């Protein structure tokens with residue numbers, strides 16, 4: 001079973017900032033990595049698949065990179081609506097739903 005470790009555990013950001021989240025796999029996941037956003041009471045939303053591919057309708061502010069064991073997810077020009085929890089998920093081996101339990105909550109601060 002491939003275990004995912006995400007860093008950092010939490011982020012405090014303001015609109016317009018750039019956010020970077022990293023995910024490390026305990027074994028080679030090749031490019032089979034997905035990133036999800038989840039808001040309270042909602043189902044997870046797929047933002048990135050195959051490490052760097054955005055599904056239709058996902059803004060190019062969201063990007064992903066990496067292969068093997070090290071992966072990066074970036075949100076550029078953060079917007080208030082981006083607040084939520086972010087998860088990485090490997091799709092290389094079963095079980096596929098190895099999502100790191102430590103979530104990445106964006107805590108928005110006032111912009112001045």
Residue by residue through segment 76-93, note down the ones that are in contact (Cβ under 8 Å) with a residue 60 or more places away in the chain and closer than 22 Å to residue 5 by Cβ.
86, 87, 88, 89, 90, 91, 92, 93
Could you tell me which of the residues 65, 56 is in a strand (DSSP E or B), loosely packed, with under 15 Cβ neighbours inside 10 Å and without any contact (Cβ under 8 Å) to a residue 40 or more places away in the chain?
65
Looking at (1) closer than 23 Å to residue 94 by Cα; (2) over 12 Å from the mean Cα position of the chain (by Cα); (3) surrounded by fewer than 17 Cβ atoms within 10 Å (Cβ to Cβ); (4) touching a residue at least 60 places away in the same chain (Cβ under 8 Å), can you tell me which one residue 29 breaks?
(3)
It is to be established whether one or more residues within segment 20-40 are modelled with pLDDT under 95, more than 20 Å from residue 1 (Cα to Cα) and assigned to a loop (DSSP other than H, G, I, E, B).
yes
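The values are calculated or read from the model by the stated rules, or taken from the named source; none is laboratory data. It should be emphasised that the depicted structure is a prediction, and the values quoted were computed from it without experimental measurement. Ideal geometry is used to build each Cβ from the backbone, glycine not excepted, and the neighbour counts take in all protein chains shown.
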